[in-house]
Every structure is written in C-alpha cells, then in structure tokens.
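Every number here is computed from the coordinates shown, using simple stated rules; none is lab data. The structure presented is a predicted model; accordingly, all values stated were derived computationally and were not measured. A quick note on method: Cβ atoms are made from the backbone with ideal geometry, for glycine too, and the neighbour counts reach across all protein chains shown.
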Amino acid sequence: MKSIFMVLILLFLGISVKSQTVHQLTDQLKSKNWDLIASVKFNEKSHNEIYPIYNSAIKKYDGKNFELQGYLIPIERTKKHGSFLLSDLPLNQCGFCGRNGIPPLVLVKMNAPIDFSMKPITINGTLNLYDRNVLDGMPISVEHGKLK
C-alpha cells in the first residue's frame, strides 16, 4: 500500500513523464476550486521530506464543504470505488499513460462507493489539508464525499 501512495505522491507533486504528446487542454476542467488545488507549493527539505505549503486562499476551506468536478482516477482494481483520485484531466491523459506533465490530484474518500466513469463527476465533501510529509500520504483530500 505504501508503494501505491509513493506513486500517487509523485504524481501529485508534478513529476513529469517525458513524452512527445501533450495534454489536450480542451478536455481539462477549469474552476476556481481546481485553481486553489493547483496553488499548493512544496518544500523539499530533503530527498525523503517534502511538505506542502498552503496559501491563505485554500486554507480557508480546510475542514469545510468543498465541491470539485473532475475525472475519476482509480487506485484499486474494482468496479465500485470508495477511494480514488480526482483530476482535472481524464484518465487517458494521466501521467501513467505517458502524456507530459501531471495534473493536480486530490484523494477522494466517498461515503458510499461509486461506479467508474470516464465522464466528469462532481463530488461534494469535506476538504482536508494535511501538514505532513507528502511521502506518507496525499496532502489534500476530500472526505465524506457524495456524488452530486
């Protein structure tokens, strides 16, 4: 499980995969909330210590209701997903697929599992910002998620 989180963390941090193909930005979902997620910076204290830096704009949503429309990126091989990543780009443009650059990612924990979809979904839940080493887990999550 820790290796899965390591891969997810590296994706979240924007470590890019070199490729000749670029994102099709017409598929990218844009919103104020995705701008907030993308505003998070990182402080690499050492090779094994990387901490998020949250600005005041996103901090005011910590622990509060947050709505985010995005594409479901599975982290388990199941039909129904209780935990997954949400991205502003579809799965076929993710870092695993060899496209350049990594979109912002948020860990979502649903109240009830949902079916996989290639279409955008909208999630409502509680935004949580974690001031921990990102190698120990995703720094941003939406918990108690409900499909809108």
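Which residues' amide hydrogens lie under 5 Å from the amide hydrogen of Gly82, considering only partners 5 or more residues apart or on another chain, with H built in the peptide plane?
Amide H neighbours of Gly82: Ile114.
For the peptides 27-40, 44-57, what is the packing order when you average, over each peptide's residues, the other Cβ atoms within 10 Å and list the highest mean first? Working shown, then result.
Values: 27-40: 15.5, 44-57: 12.0.
Most protected by this proxy first, the peptides run 27-40, 44-57.
Using per-residue counts of other Cβ atoms within 10 Å, averaged over each peptide, order 59-67, 135-143 from highest down.
135-143, 59-67
Enumerate the amide H contacts of Ser39 below 5 Å, restricted to partners 5 or more residues apart or on another chain; note that Pro and chain-start residues carry no placed amide H.
Under 5 Å from the amide H of Ser39: no residue qualifies.
For a quick protection proxy, order the peptides 72-80, 112-120 by their average other-Cβ count within 10 Å, most packed first.
72-80, 112-120
Considering all projection directions equally, how large on average is the shadow of the alpha-carbon convex hull of region 39-81, in square nanometres?
Average projection, Cα convex hull of region 39-81: 5.3 nm².
Take the alpha-carbon positions of region 104-145, form their convex hull, and give its projected area averaged over all directions (one quarter of the hull surface) in nm².
Numbers: hull surface 14.4 nm².
With every direction weighted equally, the projected area is 3.6 nm².
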